[in-house]
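The values are calculated or read from the model by the stated rules, or taken from the named source; none is laboratory data. These figures come from a predicted structure and were not determined experimentally. Neighbour counts are summed over all protein chains in view; Cβ atoms, including those assigned to glycine, are modelled from backbone coordinates with ideal geometry. For the accessible areas, the whole protein counts, side chains as well, though only heavy atoms, and no ligand, DNA or RNA atoms are used. Shrake-Rupley method; radii C 1.70, N 1.55, O 1.52, S 1.80 Å.
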Amino acid sequence: MAEEATGLPAELARLRAEIDRVDAAILGLLGERGRLTAEVGKIKHAAGTTQYYHPDREAEILRRVMAENPGPFSDQQVARVFREIISAGLALEEPLRVAYLGPEGTFSQMAAEKHFGRSAQFHPVSSIAEIFREVDSGQIPFGVVPVENSTEGSVNLSLDLMLDHPLQICGEVQLRIVHNLVGRGPRSSIRRVHVHYQTRAQCRLWLAEQLPHAELCDAPSNAEAARRAALDPESAAISTRRAAELAGVEILVPSIEDQPDNTTRFWVIGRIATRPTGSDKTSLVVAGAHRAGSLHHLLSPFAEAGLNLTRIESRPARANIWEYVFYLDFLGHRLEPQVAAVLERIEAQASFYRCLGSYPRAVF
Ligand SMILES: O=C(O)C(=O)C[C@]1(C(=O)O)C=C[C@@H](O)C=C1
């Protein structure tokens, strides 16, 4: 064997023995952590709480391990491993149920798994409205909904539905969105491309340049687009790698999104409130009186307190035409005294005010 000729086996055997020793230590520590988590679960159960999931505590743990990461793994890799450890531990306390926009293979599923880890129980539902209904009715305690894409802007439906339901935002997830041209191939035979409207907007330039003559057919999701492409050799789709695998089609061209850092932000919705973690965001919906300077007046407390507004988005108020509500995100937590004082001032001036939640900023 080549390995013997280079004298590698002895060194390889030694290193593998070391790896076995480290694996045994990791396994022992994993078991110890799992037992501690199960104990925490028993204490919560005895206290009569129904809240086993604590996104604030999870965010703190993930940030700490990333900050203390000695390498050689990247902070992202370390966070992903700990994400799964915490997820598995929580499943020992109580299985966490999460609704997302299905079917399997969607970006919403990827976002849900990124945030909750794979030991949660995921429930695909058929519309964003259904996610809100399931969480509002208490059928499923948490949901993951898309809110904005860095190329395409807001997902208006999620913003509007948040106002229709008395729910809280208890977390956010950021997901890098990679779109692939998929199909049974070859590329020269493509006459039609099945594509979700949000995806189409994120790949507009690529489609115009590379497949100018293909008919673009609306699909209800990226996963369904891939399934439709699997039925017809003259059809392609734009979908995730996972959806392509599930549908049994090939990746014909990877990464065709127009913006190389195309990212979607999701909200985690539920009924729980989180405590400050030192790196939080608060989301509000406000409206001012219909007169000159009212928005300026409404926003001035943020500037005066030095609070960083990270987003402002207007939506029709729906009650009266040509009136608007403003969705605001800023850095800070409503339980921090300085933030609480600003919110009090804004609420006093606003014709409409609702705090949608304070929650830990996306960790990784
Ligand atoms: O600290 C808790 O409350 C736990 O339940 C433990 C733990 C963890 O694994 O560290 C698990 C789930 C919670 O969401 C947060 C943290």
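Of all residues in the range 49-81, those satisfying the criterion of being over 24 Å from L96 (Cβ atoms) and free of Cβ contacts under 8 Å to residues at least 24 places away in the same chain are A67, E68, N69, P70, G71, P72, F73, S74.
In the range 261-277, the condition of being without any contact (Cβ under 8 Å) to a residue 60 or more places away in the chain and open to solvent by 20 Å² or more (accessible area, probe 1.4 Å) is met by no residue. The residues of the range 4-42 that are under 30 Å from the mean Cα position of the chain (by Cα) and not charged (D, E, K, R), listed by number, are I26, L27, L29, L30, G31, G34, L36, T37, A38, V40, G41.
Of the strands (runs of 3 or more DSSP E) lying entirely inside the range 281-364, not one carries at least 2 residues that are closer than 30 Å to R80 by Cα, among the polar types (S, T, N, Q) and not assigned by TED's automatic domain parsing to the domain that holds L159. Considering only residues in the range 314-347 that are surrounded by fewer than 14 Cβ atoms within 10 Å (Cβ to Cβ) and hydrophobic (A, V, I, L, M, F, W, C), the one that is modelled with the lowest pLDDT turns out to be I321.
With the requirement that a residue be open to solvent by 10 Å² or more (accessible area, probe 1.4 Å) and within 11 Å of the ligand (Cβ to nearest atom), what does the range 89-116 give you? Those that are open to solvent by 10 Å² or more (accessible area, probe 1.4 Å) and within 11 Å of the ligand (Cβ to nearest atom): L90, A91, L92, E93, E94, L96. Taking A201, is it surrounded by 23 or more Cβ atoms within 10 Å (Cβ to Cβ), in contact (Cβ under 8 Å) with a residue 24 or more places away in the chain and under 26 Å from the mean Cα position of the chain (by Cα)? It is false that A201 is surrounded by 23 or more Cβ atoms within 10 Å (Cβ to Cβ), in contact (Cβ under 8 Å) with a residue 24 or more places away in the chain and under 26 Å from the mean Cα position of the chain (by Cα). Evaluating I86 against the criteria (1) out of contact with any Gly (no Cβ under 7 Å at 6 or more places or on another chain); (2) surrounded by 12 or more Cβ atoms within 10 Å (Cβ to Cβ); (3) closer than 26 Å to G278 by Cα leaves one unmet condition, (1). Restricting the range 34-60 to residues that are open to solvent by 50 Å² or more (accessible area, probe 1.4 Å) and within 7 Å of the ligand (Cβ to nearest atom), the residue that is nearest to R80 (Cα to Cα) is R57. In the set (1) touching a helix residue (DSSP H, G or I) at 6+ places or on another chain (Cβ under 7 Å); (2) under 15 Å from F142 (Cβ atoms); (3) within 15 Å of the ligand (Cβ to nearest atom), the condition left unmet by I85 is number (2).
Among the residues of the range 178-198, write down those that are at pLDDT below 95, buried (at least 17 other Cβ atoms within 10 Å of the Cβ) and not charged (D, E, K, R). Result: H196, Q198.
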